[in-house]
Amino acid sequence: MADANVYPPSAEFVQQANVKGIEGYRALYQRAAEKPEEFWGELAEQELHWFQKWTHVFEWNPPFAKWFPGGKINASYNCIDRHLTTARKNKVAILWEGEPGDQRMISYQELHRLVCRFANVLKGRGLKAGDRAIVYMGMVPELPIALLACARLGITHSVVFGGFSAEALKTRIQDLEAQVVITCDGAWRRGKEVRLKDAVDESLTDCPTVRDVIVYKRTGGEIPMQAGRDHWWHELDEGVSEICPAEELDSEHPLYVLYTSGTTGKPKGIVHTTAGYLLQAHMTMKWVFDLHEEDTYWCTADIGWVTGHSYILYGPLSAGATTMMYEGAPDFPQPDRFWRLIEKYRVNIFYTSPTAIRSFVRQGDQWPNAHDMSSLRLLGSVGEPINPAAWEWYYKVIGKERCPIVDTWWQTETGAMMIAAMPGAVPLKPGSGTLPLPGVIADVVDLQGNLVPANREGFLIIRRPWPAMARTLWREPERYKQQYWERLEGVYLAGDAARRDEDGYFWILGRVDDVMNVSGHRLSTMEIESALVRHPAVAEAAVVGKPHEITGQAVACFVTLKKGAWGDRHALAEELRKWVGHEIGSFAKPEQIRFTDALPKTRSGKIMRRLLREIVTSNSVTGDVTTLEDLDVVTRLAAQHDED
C-alpha cells in the first residue's frame, strides 16, 4: 500500500474530460457538501424526466430516507423513451455477444419496442404495479428487457444470479412472495449448457405465490413445461402490441430488491427505490466513467449482482450510453476472449473486477499483447480492493500507461459508487479508491465513533444520507436499522475496514464482519455454515475466508461430524464441497475442509472465528486466547493439515 506512485491525469485527458482538474472536483464536492438539497435538486431537474415534479428534495427520519417525495417518475421511461426524440433513437443501446459468438446490436428504438411488447406480455398475465418478479436468466439481452418491462409497469424485480442453486433460488422466491419467475431454458458457460429451467422447477416445489413461469429459449435444450404454469416467451410475445405507456410511479416506488449475504444464514433483501437510485447511478456513470456520446462501454459483471444493475443497465441507459454485454466465461475458448472483444467492438471504457485482473496476470502478457486495444481510454475496477501490483499491471499491460484506472468502492446497500476518482480531475494512487464523490461524506473512525489518525486502520462510515442508498431490508426494517445504523449512532457503518492517508485518500482494507469476498461475490460465513450442518453427517461447522491469489478470498471450513459419520475423509470432503455447491451455488464451494473433533469456543459457547482465520492464514495463533474454554483445540487445529 505504498503511496509513492501517484498518477495525475494527462493534459490530453483533462482537456476532454467532463470534470476538469482537481479544482473542478473540489468545486462540485464543496457545493454538494454545503447545499446538498440544492445540489441534488438541480441535478434531478436537469438529468431526469419527471411526469410530476417533487414537492421537496429530501426527508430524513433516521435511518429511513425519502428522496424527491411527491414526484412521479419511471425508470424504464428514463432509460429508453426520452432518448427517442433525440439523435440517440438509432444509437446502439445494448451491444451483445453470446459465448458461441452470436451477436446482437439493439438500438434505443428497437429496445423500446421489445420492452413494450414484454411489458404487455406481463400485463396479459395479470401483473401490475406492486407485484414482484424473480428473474433468473443468463446474460442475454432479454434479461435487461425483462427488468425494463417490470420497471415500466411498477413490478418490483429481483434478479437471482444464474450461478445460485435451486435451494438458494427458492429462499429468495419465498421471501419476496413473487408472482412470476422469468427464466431461460439454459445459458452457455465454457461451452456447456447451464440448465436454468431445471433449477427453477426444483425450486418451485414449495412456492405457492408463483402463478407463472416465463421461459426464454436460449440453448434449445429439452426441458419439461408444466401446463398452465410454464409459458414460452416467444409464444406469449406473438402478436402483442408494441405500445405500452410507462406507469407514473411514486419517486419512492420499490424498483428492485437484491438479496445479499448477511451475517446470519438468511440473505438480506436490499430495497432500492426509483428516483434517488436512478439519479445517482446516472450521475456517477457520467462523473466516474467520464462518459462521452461516442463511447462503447463494457462492464463485465453479471446483472445478478448490483454492479450489473447500476452499471450495465440503469446508469448507462439512463445516460444514453452504448452498454455492452457478454454471455460467457472470460477465458473461453481461449484466455484472450475479453481482449478479442475489446478489439472487435473497439471498446473505450472497460470495467472489471480485481479477481479477473489477477487471473489475467497469471495467464501471461502474451494474450493481451496479441490484440489491438488502442480504442481503450479508461479502465475501471470493482468488487473488492485491488492490490497495487495488479493495479500497475492493469495500467501498463492493458492500458499501455495512457488509460486512467477508476478504482471504485461501493456496495449493494449504497446503490451507486461512493468513493472513486473522477479521472480527469483526481490523481491516482495504485490500490486506493481515492476520494469520496460529491454528496458522500465519508470518514474512518474507531468503534466509539472517534476519527482515527491518518494511515491508521479504522471503520469506514458515511455521515450523511445519499440518493441511491438502500431504503430498508425487504419486510425487515428493524434488521436494517440494527445492521447499518445502530452500531455507531446516526451514521452508516459500511462493514469495511479502511485507512485514510495524509492526502485524504481512502484505502479500503476489506470486510470486518463475517462476510467473505470471493471473486467479488459477497458470501456469508453463516449461510455456508447453515448449508453444511444440513448435511446428515455434520454436527457443527465454522467457516472463514482465507487469502487466495486469484479470487481474493477462498472458503475454508472446519467441520465436526456426528457419531458414526467418520469414514473416508477425502471422499466426505468432496461430498461436502458438492453439497455446498448444490445448496448455494458452485462459486461457494469450499477450497479447504478440515475435520476436527471440536471447535475453538469461548466459555459462553461462541465459536472464535478470528482464531480460525489465523490458522488458515498462517497455521499458527498469536491473538488473545484467554477467553477460550479449551486451548488444546487450537493447538491441535494449528498442527493439522487440511483435507484437500
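Details
- Subset of segment 230-263 [on the phi > 0 side of the Ramachandran plot and in contact (Cβ under 8 Å) with a residue 60 or more places away in the chain]: none
- Selection over segment 527-545 of residues that are surrounded by fewer than 18 Cβ atoms within 10 Å (Cβ to Cβ) and either touching a residue at least 60 places away in the same chain (Cβ under 8 Å) or not aliphatic (A, V, I, L, M) (or both) gives a count of 4.
- Counting residues in segment 477-488 that are outside the structural domain of Ala329 (by TED's automatic domain parsing) and of a type in the set (Phe, Trp, Tyr) gives zero.
- Unmet requirement for Val406, which otherwise passes all of (1) assigned to a loop (DSSP other than H, G, I, E, B); (2) modelled with pLDDT of 95 or more; (3) β-branched (Val, Ile, Thr): (1)
- Close pairs (6 angstrom Cβ cut-off, 6 or more residues apart or separate chains): on the phi > 0 side of the Ramachandran plot in segment 421-450, crowded, with 19+ Cβ neighbours inside 10 Å and in a loop (DSSP other than H, G, I, E, B) anywhere: Thr434/Ala421; Thr434/Val426; Thr434/Tyr505; Gly439/Trp466
- For segment 155-177, the count of residues that are on the phi > 0 side of the Ramachandran plot and acidic (Asp, Glu) is at least one.
- Remark: pairs (first residue in segment 96-120, more than 16 Å from His234 (Cβ to Cβ); second residue hydroxyl-bearing (Ser, Thr, Tyr); Cβ separation under 6 Å; 6+ apart in sequence or on different chains) = Glu97/Tyr326.
- Contacts under 8 angstrom Cβ, first residue in segment 366-395 being assigned by TED's automatic domain parsing to the domain that holds Phe338 and closer than 18 Å to Gln553 by Cβ, partner in a helix (DSSP H, G or I) and of a type in the set (S, T, N, Q), 6 or more apart: Val382/Thr307; Gly383/Thr307; Gly383/Thr355; Glu384/Thr355
- The residue of segment 364-384 that is nearest to Lys344 (Cα to Cα), among those that are touching a helix residue (DSSP H, G or I) at 6+ places or on another chain (Cβ under 7 Å) and modelled with pLDDT under 95, is Asp365.
- Test for Gly308: is it of a type in the set (Gly, Ala, Ser), touching a helix residue (DSSP H, G or I) at 6+ places or on another chain (Cβ under 7 Å) and touching a residue at least 40 places away in the same chain (Cβ under 8 Å): no
- Residue check, Glu242 surrounded by fewer than 16 Cβ atoms within 10 Å (Cβ to Cβ), touching a His at 6+ places or on another chain (Cβ under 9 Å), over 26 Å from Leu28 (Cβ atoms) and not assigned by TED's automatic domain parsing to the domain that holds Pro438: yes
- Leading residue by the ranking (farthest from Arg340 (Cα to Cα)) among those in segment 49-99 that are basic (Lys, Arg) and more than 25 Å from the chain's Cα centre (by Cα): Lys53
- Checking each residue in segment 457-477 for being under 16 Å from Tyr259 (Cβ atoms) and either over 19 Å from the mean Cα position of the chain (by Cα) or of a type outside the set (Val, Ile, Thr) (or both) picks out Ala470, Arg471, Leu473, Trp474, Arg475, Glu476.
- Pair list, Cβ under 7 Å, 6 or more apart: segment 26-46 residue modelled with pLDDT of 95 or more, other residue in a helix (DSSP H, G or I) and surrounded by fewer than 18 Cβ atoms within 10 Å (Cβ to Cβ): Phe39/Arg31
- Residue-level check: of (1) in the same structural domain as Tyr311 (by TED's automatic domain parsing); (2) over 26 Å from the mean Cα position of the chain (by Cα), Gln46 misses just (1).
- Matching residues, segment 428-468, being part of a loop (DSSP other than H, G, I, E, B), of a type outside the set (Gly, Ala, Ser) and crowded, with 20+ Cβ neighbours inside 10 Å: Lys429, Pro430, Leu435, Leu437, Pro438, Val440, Pro465, Trp466, Pro467
- Scanning segment 484-508 for residues that are part of a loop (DSSP other than H, G, I, E, B) and either touching a Leu at 6+ places or on another chain (Cβ under 8 Å) or under 27 Å from Lys268 (Cβ atoms) (or both) returns Trp485, Glu486, Arg487, Leu488, Glu489, Gly490, Val491, Gly504, Tyr505.
- Across segment 164-203, the number of residues qualifying as polar (S, T, N, Q) and at pLDDT below 95 comes to 2.
- Residue within segment 235-247 that is of a type outside the set (Phe, Trp, Tyr) and at pLDDT below 95 present: yes
- Matching entry among Lys170, Lys192 (being free of Cβ contacts under 8 Å to residues at least 40 places away in the same chain, basic (Lys, Arg) and either in contact with an Asp or Glu (Cβ under 8 Å, 6 or more places away or on another chain) or crowded, with 24+ Cβ neighbours inside 10 Å (or both)): Lys170
- The selection criterion, being β-branched (Val, Ile, Thr) and under 25 Å from Thr355 (Cβ atoms), does not hold for Thr472.
- Residues being exposed (fewer than 10 other Cβ atoms within 10 Å of the Cβ) and either modelled with pLDDT of 95 or more or among the aliphatic types (A, V, I, L, M) (or both) - total across segment 204-221: 2
- Residue check for Arg479: surrounded by fewer than 21 Cβ atoms within 10 Å (Cβ to Cβ) and assigned to a helix (DSSP H, G or I): yes
- When residues of segment 409-427 are limited to those that are part of a loop (DSSP other than H, G, I, E, B) and under 12 Å from the mean Cα position of the chain (by Cα), the one surrounded by the most Cβ atoms within 10 Å (Cβ to Cβ): Ala416
- The condition (being of a type in the set (A, V, I, L, M, F, W, C), free of Cβ contacts under 8 Å to residues at least 60 places away in the same chain and over 17 Å from Leu437 (Cβ atoms)) is satisfied by just one residue among Ala11, Ala75: Ala11.
The values are calculated or read from the model by the stated rules, or taken from the named source; none is laboratory data. Please read all numbers here as calculations on a predicted model, not as lab measurements. Here the Cβ is made from the backbone with ideal geometry for all residues, glycine too, and neighbour counts use every protein chain on show.
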